[in-house]
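Okay, structure first, notes after.
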Amino acid sequence: MKKVFLIACITSMLLFTSCGEGNKDTSLADGYTIETTISGIPDGVRAFLKVPNDKGVPQPKDTAIVQNGKFIFTGKVEYPQLGFIYVNGAQGNINLLIENAKVEVEAYRDSLSKSKVSGGKHNQEYVDFIENSRALSKKVGKVRERYAAAVKMKDTAVIAAIRKQIGDIDKEAIAYQEQYVIDHPKSYISVMLVNRLLQNKLTNAKKAKVFYDGLPDDMKKTRIAEDLFIKITEMLRAAIGSIAPDFSAPNPEGKKISLNDIKGKVTVIDFWAAWCGPCRKENPNVVKIYNKYHKDGLEIIGVSLDGRPNQKNAKEDWIRAIEKDQLPWHQVSNLDGFRDGIARTYNVRSIPATFILNEDGEIVAKNLRGATLEAKIKELLGK
């Protein structure tokens, strides 16, 4: 059920909930004007325009004062960006795109999230997207309600039946978004969709790169397109079919060891940590595989992501785990947790994570465990 909630979030247009009408050209070369009308708010109350920082947390950009049921934000942006309007004494917030255009907002004090936004090419594209996705959103909403009721009643039969519907809804939602991107290859909304689809592993980096390469130059300069390019680059750098990037880091004795120094006929890069339960649980299986195939050319290099802020002595934890699990292969670590440069190079965001390389250093598989890992190694060794 988790994925259908994710789809619902995406088809609700990421961070947007507003709607509007009209196709008139409201673009302004000299900047933006966001004029908001709101009833029931006394004069002198402050309104705030915020934009997300690198972590997605809204940060102040401008302040306005309510006068006669209105307030206005003005300014200029190099490229469209997400914006959030908050009003003291009002519930929720208004989400919109800040673009160099005249944008009008009809706000509702009791529920800012239901406010109507109109004006601006990019905001209008969003409105069109939402209008065309309402049927799908309603379908997702009904599934949510039925699922919640079934869980409350502990009706396992209904729960099972609903779960069978989820796959079809997922495919329909993804197909709708992919078709929107195909039909609107130069749309800011499409950039947002591809970014979110890629982030949630609902598309792949190769497809995303084809889309990105087709964007006009001015769209590539937007912050969200730059973020998309970074994601694509990171993913392709350690994608199946690419040559594994070399790296080096200290072993427990402090000696630097590089990937290229130890590569064998088959090489496994194993990202793990002493604190990672699933990693430790898989270690006995990897030890068995290593002992069985090392003589035939299997090499493994463990990259520990120990070094979390709550670890009092990360190095000690790391060494103790190696000894306790009796790991005989090469081990390296910068003891910097997920901030580790090797993890970033390989786009590792969770562990355990494994990369299986052939004799040429090409990544041929990822994240295999148990019997599947052994079968792949056996295949690559020609056994």
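The values are calculated or read from the model by the stated rules, or taken from the named source; none is laboratory data. Please read these numbers as outputs of a predicted model, since none were measured by experiment. Don't worry about glycine lacking a Cβ; one is built from the backbone with ideal geometry, like all the others, and counts go over all protein chains shown. Accessible surface is based on the protein model in full, side chains and every heavy atom, while ligands, DNA and RNA are left aside. Shrake-Rupley method; radii C 1.70, N 1.55, O 1.52, S 1.80 Å.
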Exercise. In segment 44-58, what residues are surrounded by 10 or more Cβ atoms within 10 Å (Cβ to Cβ) and modelled with pLDDT of 95 or more?
Worked result: 45, 46, 47, 48, 49, 50
For this session: Output the number of residues of segment 335-375 satisfying the condition of being surrounded by fewer than 14 Cβ atoms within 10 Å (Cβ to Cβ), in contact (Cβ under 8 Å) with a residue 60 or more places away in the chain and of a type outside the set (D, E, K, R).
Result: 2
Problem set entry | Subset tally (residues that are part of a loop (DSSP other than H, G, I, E, B), open to solvent by less than 30 Å² (accessible area, probe 1.4 Å) and in contact with a strand residue (DSSP E or B) (Cβ under 7 Å, 6 or more places away or on another chain)) for segment 302-334 | 4
For this session: State which residue is farthest from the chain's Cα centre (by Cα) when the search covers only segment 185-218 and only residues that are among the polar types (S, T, N, Q) and open to solvent by 70 Å² or more (accessible area, probe 1.4 Å).
Result: 204
Exercise. In segment 122-153, what residues are hydrophobic (A, V, I, L, M, F, W, C) and either in contact (Cβ under 8 Å) with a residue 40 or more places away in the chain or open to solvent by less than 30 Å² (accessible area, probe 1.4 Å) (or both)?
Worked result: 127, 129, 130, 136, 140, 143, 150
Exercise. Are there any pairs with C-beta distances below 8 angstrom linking a residue in segment 232-261 that is within 17 Å of residue 335 (Cα to Cα) to a residue that is assigned to a helix (DSSP H, G or I) and of a type in the set (A, V, I, L, M), with the two at least 6 apart or on different chains, and if so which?
Worked result: 247/259; 247/342; 248/259; 249/342; 252/319; 252/322
Exercise. If we scan segment 107-114, do we find a residue that is touching a strand residue (DSSP E or B) at 6+ places or on another chain (Cβ under 6 Å), open to solvent by less than 20 Å² (accessible area, probe 1.4 Å), at pLDDT 90 or above and within 30 Å of residue 51 (Cβ to Cβ)?
Worked result: yes
Seminar exercise, completed: Those residues of segment 29-43 which are closer than 28 Å to residue 224 by Cα and surrounded by fewer than 14 Cβ atoms within 10 Å (Cβ to Cβ) amount to 29, 30, 31
Exercise. Residue 313 is checked against (1) in contact (Cβ under 8 Å) with a residue 40 or more places away in the chain; (2) over 28 Å from the mean Cα position of the chain (by Cα) and fails just one. What number does that condition carry?
Worked result: (1)
Seminar exercise, completed: Scanning segment 154-174 residue by residue, those within 11 Å of residue 136 (Cα to Cα) and open to solvent by 50 Å² or more (accessible area, probe 1.4 Å) turn out to be 172
